[in-house]
Amino acid sequence: MDRSRAMGCDVAVAGGDPATVAGVLERWEEAFSPFRPTSELSRVNASPARVLAVSSFFATTLETALDVAVETGGLVDPTLCGRRGELAVSGRVLFRPPGLALDLNGVVKALAVDEAVAALDGPGFVSVGGDLAVRGPVDVALPAGGAIRVVAGGLATSGTASRGAHLVNPATGLPAESRWEQVTASGVTCLAADIAAKTGFLLGVDGPEWLDARGIPGRFVAADGEIVENDVWASATRVVQTCT
């Protein structure tokens with residue numbers, strides 16, 4: 001297993017060429033890092049124009065972020081202030097009010113992980129921070145103890161334990177408060193898992209029910225150490241235990 005750093009996170013790669021994975025992650029970071037003045041995101045945010053020509057890479061990523069905002073009722077929002085209705089993308093043309101800054105971190109890291117795992121030349125995994133995508137079974141340690149075997153798709157953990165208060169409440173623009181310290185969710189892709197984990201965290205006490213209603217397994221760790229598994233997670237792990 002190869003370990004490195006990218007996108008401000010620890011990276012682990014198994015089953016493929018680490019240089020290829022690093023190249024994928026760098027492509028995403030170069031386009032969407034808010035900390036690089038030369039990134040396309042930084043240049044878009046710095047522009048006073050109402051109408052901008054953007055790359056197809058940027059446009060499709062923003063469209064994904066807007067779809068996620070609708071899916072999550074605005075909890076994961078690329079404007080961070082609930083103004084996504086003022087955005088429009090047509091082909092490679094972006095329409096937005098002057099001064100409306102975008103932040104695509106809600107989807108970028110997980111999309112990068114999904115692309116990176118697709119570049120592996122055999123069974124293995126790519127992990128970036130709390131985002132994991134696999135090709136073949138991988139045993140993964142869980143927050144607050146325990147482990148789970150991920151056989152396909154992705155697993156993501158979101159919260160405040162490792163990266164501090166990096167999730168924003170779009171209604172206030174301030175760091176989000178939640179009953180949960182960490183939320184782990186499973187999905188058919190890393191993106192699906194990550195969006196579920198973020199939403200579960202931001203919804204607080206309503207997180208387990210929201211994930212259950214969508215058939216998404218979720219595991220919630222409170223600040224006091226209490227662990228809550230939603231019904232779908234508990235059912236899935238019971239099936240695994242029965243089969244083994």
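The values are calculated or read from the model by the stated rules, or taken from the named source; none is laboratory data. Model, not experiment: these values are computed from the prediction. In this analysis, Cβ positions are derived from the backbone assuming ideal geometry, glycine residues included, and neighbour counts consider all displayed protein chains. For accessibility, only protein heavy atoms count, side chains too; no ligands or nucleic acids. Shrake-Rupley method; radii C 1.70, N 1.55, O 1.52, S 1.80 Å.
Among the residues of the stretch 100-119, what is the count of those that are more than 17 Å from the chain's Cα centre (by Cα) and open to solvent by 10 Å² or more (accessible area, probe 1.4 Å)? The total comes to 2.
Taking each residue of the stretch 15-33 that is at pLDDT 95 or above and open to solvent by 20 Å² or more (accessible area, probe 1.4 Å) and looking for partners that are among the β-branched types (V, I, T) and not in a helix (DSSP H, G or I) with beta-carbon atoms closer than 8 Å, six or more apart or interchain, yields A22/V11; E30/T38. Can you tell me which residue in the stretch 213-222 is farthest from I195 (Cα to Cα), limited to those that are crowded, with 17+ Cβ neighbours inside 10 Å and not small (G, A, S)? Top of the filtered list is V221. Name the residues in the stretch 34-52 that are touching a residue at least 12 places away in the same chain (Cβ under 8 Å) and open to solvent by less than 50 Å² (accessible area, probe 1.4 Å), would you? Within the stretch 34-52, E40, L41, V44, A49, L52 meet the criteria.
Here is a yes/no grid of residues against (1) assigned to a loop (DSSP other than H, G, I, E, B); (2) open to solvent by 20 Å² or more (accessible area, probe 1.4 Å):
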position	(1), (2)
F125	no, yes
L132	no, no
R135	no, yes
V138	no, yes
G145	yes, yes
I148	no, yes
A152	no, yes
A156	no, no
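The residues of the stretch 187-206 that are within 26 Å of V126 (Cβ to Cβ), open to solvent by less than 40 Å² (accessible area, probe 1.4 Å) and not hydrophobic (A, V, I, L, M, F, W, C), listed by number, are G187, D194, K198, T199, G200.
Picking from residues in the stretch 223-244 that are closer than 12 Å to E181 by Cβ, hydrophobic (A, V, I, L, M, F, W, C) and modelled with pLDDT of 95 or more, the one that is surrounded by the most Cβ atoms within 10 Å (Cβ to Cβ) is V228.
One residue alone among T60, T64 is open to solvent by 20 Å² or more (accessible area, probe 1.4 Å) and touching a Leu at 6+ places or on another chain (Cβ under 9 Å), and that residue is T64. Filtered by the rule that a residue be at pLDDT 65 or above and surrounded by fewer than 20 Cβ atoms within 10 Å (Cβ to Cβ), the stretch 160-172 gives T160, N169.
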